[in-house]
1. Of all the residues that make up region 1-10, how many are at pLDDT 95 or above and either of a type in the set (Asp, Glu) or farther than 12 Å from Val351 by Cβ (or both)?
2. Hey, does region 287-295 have a residue that's free of Cβ contacts under 8 Å to residues at least 24 places away in the same chain and either more than 21 Å from the chain's Cα centre (by Cα) or closer than 23 Å to Gly381 by Cα (or both)?
3. Which of the following residues is outside any helix (DSSP H, G or I), more than 12 Å from Glu122 (Cβ to Cβ), more than 20 Å from the chain's Cα centre (by Cα) and of a type in the set (Lys, Arg): Arg73, Arg83?
4. Here are the criteria: (1) crowded, with 24+ Cβ neighbours inside 10 Å; (2) farther than 30 Å from Glu387 by Cα; (3) of a type in the set (Ser, Thr, Tyr). Tell me which single one Ser84 does not satisfy.
5. Which is charged (D, E, K, R), open to solvent by 20 Å² or more (accessible area, probe 1.4 Å) and either modelled with pLDDT of 95 or more or under 22 Å from Ala339 (Cβ atoms) (or both), of Arg138, Arg170?
6. Restricting to region 262-319, what's the tally of residues that are in contact with a strand residue (DSSP E or B) (Cβ under 6 Å, 6 or more places away or on another chain), open to solvent by less than 10 Å² (accessible area, probe 1.4 Å) and not aliphatic (A, V, I, L, M)?
7. Could you grab me the full set of residues in region 160-207 that are touching a strand residue (DSSP E or B) at 6+ places or on another chain (Cβ under 7 Å) and either in a helix (DSSP H, G or I) or over 19 Å from Leu357 (Cα atoms) (or both)?
Amino acid sequence: MNDTIRDVVFVDGVRTPFGKAGKLFEDTRADDLIIRAIRTLLRRNPALPPERVDEVALAATTQIGDQGLTLGRTAALLAGLPRSVPGYSIDRMCAGAMTAVTSVSSAIASRQYDIAIAGGVESMSNHPMGEGVDPNPRIVAERLVDPDALQMGYTAENLHDLYPHLTRERADAYAVRTQQRYAEAVDKLTPDITTMAARSDEGWTIAGADELPRPGTSMEGLANLRTPFRPHGRVTAGTSSPNTDGATACLLADAETAAELGLPVAMKMVGFAFAGVDPETMGVGPIPSTEKALARAGLSIDDIGLFEINEAFAIQVLAFLDHFKIADDDPRVNPWGGAIAMGHPLASSGVRLMTQLAREFVEHPEVRYGITTMCVGLGQGGTVIWENPNFKGAK
């Protein structure tokens with residue numbers, strides 16, 4: 001019996017275009033979004049025999065309606081995978097797809113699976129965050145959690161309170177910069193965005209690009225936006241990720257199986273960690289999860305050459321950068337823009353971060369390690385460390 005831990009590799013990742021909630025994909029089923037992503041992933045990797053897929057793990061934050069019914073299994077069947085391929089659903093709110101990846105990767109590393117598909121979907125048009133939830137009254141009655149923790153915008157305002165030197169002006173400047181970076185890099189993102197049919201009152205269309213970016217965003221324009229979460233607050237729509245519809249899927253394998261089948265290796269997983277924080281300031285979650293992941297891997301923040309940080313809110317990214325003494329405009333951080341520009345379809349975003357980092361690794365052979373990290377509602381953070389197979393040594 002071979003009990004050695006195997007290397008887990010990220011083979012490929014795709015996503016649908018991201019649409020504004022209530023617009024592009026309002027009349028599109030959530031399961032159809034993720035089915036399209038899986039089909040595209042399989043088509044892009046013809047060397048993979050579909051029957052070799054050992055698991056399909058898919059995440060959704062609101063697991064009802066067309067995002068329910070054990071989505072990993074139903075989507076696998078409808079995507080054309082053999083009936084012998086199992087699947088399941090997973091929920092860690094915004095880190096759902098990230099957790100799907102780490103869960104199947106753990107099984108791959110321990111020789112339970114050879115190949116798996118992981119991803120996530122969110123139709124915030126039809127299933128807004130919080131739909132159908134019934135929080136236990138003890139949460140508020142016994143003051144276990146402040147009611148602010150149930151509204152993500154309030155937690156972002158709380159972060160500004162916690163770090164008063166991270167001003168609204170700094171958050172606005174970050175938002176302008178991420179919009180600019182997305183606009184400059186959009187052609188680099190396109191290869192991993194599949195087309196998707198969408199229906200509206202005007203008829204059918206083929207969507208092939210994100211709907212949400214605002215390339216003309218300026219400091220002057222952001223300064224005039226209202227603060228919906230608090231009177232005279234600091235968080236605006238311009239410094240928040242918009243409500244978004246979209247899906248992501250990726251292919252993971254052990255290194256030996258990838259070599260056997262001739263599958264490409266885009267990244268190698270080094271390690272991961274999740275951490276809990278105060279729900280009222282959930283945006284600091286990536287700080288302890290990153291510290292934990294780095295410690296377990298025997299690395300330091302100085303070893304990381306690229307950062308893909310989910311931009312739930314600008315203040316959340318700034319808190320992370322401030323903690324690790326990284327400049328607000330560091331070119332290693334979200335170099336192709338982030339969720340403030342392209343959107344954040346909750347449970348699917350973790351794989352979007354990974355797919356983007358994999359592409360950036362190709363452009364940066366001088367970078368050995370990168371991370372994908374995100375905050376999670378109700379007070380958590382998740383971080384995955386990846387190694388660049390294109391690494392050629394420092395410049």
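The values are calculated or read from the model by the stated rules, or taken from the named source; none is laboratory data. Note that the structure is a prediction, hence the values are computed from the model and not measured. Please note: Cβ atoms are built from the backbone with ideal geometry, for glycine as well, and neighbour counts cover all protein chains shown. Ligands, DNA and RNA are excluded from the accessible area calculation, which covers all protein heavy atoms including side chains. Shrake-Rupley method; radii C 1.70, N 1.55, O 1.52, S 1.80 Å.
1. 4
2. So far as region 287-295 goes, yes, one or more of its residues are free of Cβ contacts under 8 Å to residues at least 24 places away in the same chain and either more than 21 Å from the chain's Cα centre (by Cα) or closer than 23 Å to Gly381 by Cα (or both).
3. Values: Arg73 fails: outside any helix (DSSP H, G or I).
Checking each option against the conditions leaves just Arg83.
4. (1)
5. On the way: Arg138 fails: either modelled with pLDDT of 95 or more or under 22 Å from Ala339 (Cβ atoms) (or both).
Checking each option against the conditions leaves just Arg170.
6. Counting residues in region 262-319 that are in contact with a strand residue (DSSP E or B) (Cβ under 6 Å, 6 or more places away or on another chain), open to solvent by less than 10 Å² (accessible area, probe 1.4 Å) and not aliphatic (A, V, I, L, M) gives 9.
7. Kept after step one, since they are touching a strand residue (DSSP E or B) at 6+ places or on another chain (Cβ under 7 Å), are these residues of region 160-207: 192-198, 204-207.
Across region 160-207, the qualifying residues are Asp192, Thr195, Met196, Ala197, Ala198, Trp204, Thr205, Ile206, Ala207.
Residues are listed down the side, and each one gets a yes or a no for (1) part of a helix (DSSP H, G or I); (2) under 23 Å from Ala118 (Cα atoms); (3) touching a Ser or Thr at 6+ places or on another chain (Cβ under 8 Å):
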{"residue": "Ile287", "(1), (2), (3)": "yes, no, no"}
{"residue": "Leu299", "(1), (2), (3)": "no, no, no"}
{"residue": "Leu306", "(1), (2), (3)": "no, yes, no"}
{"residue": "Phe320", "(1), (2), (3)": "yes, no, yes"}
{"residue": "Lys325", "(1), (2), (3)": "no, no, no"}
{"residue": "Leu357", "(1), (2), (3)": "yes, yes, yes"}
{"residue": "Pro365", "(1), (2), (3)": "no, no, no"}
{"residue": "Thr373", "(1), (2), (3)": "no, yes, yes"}
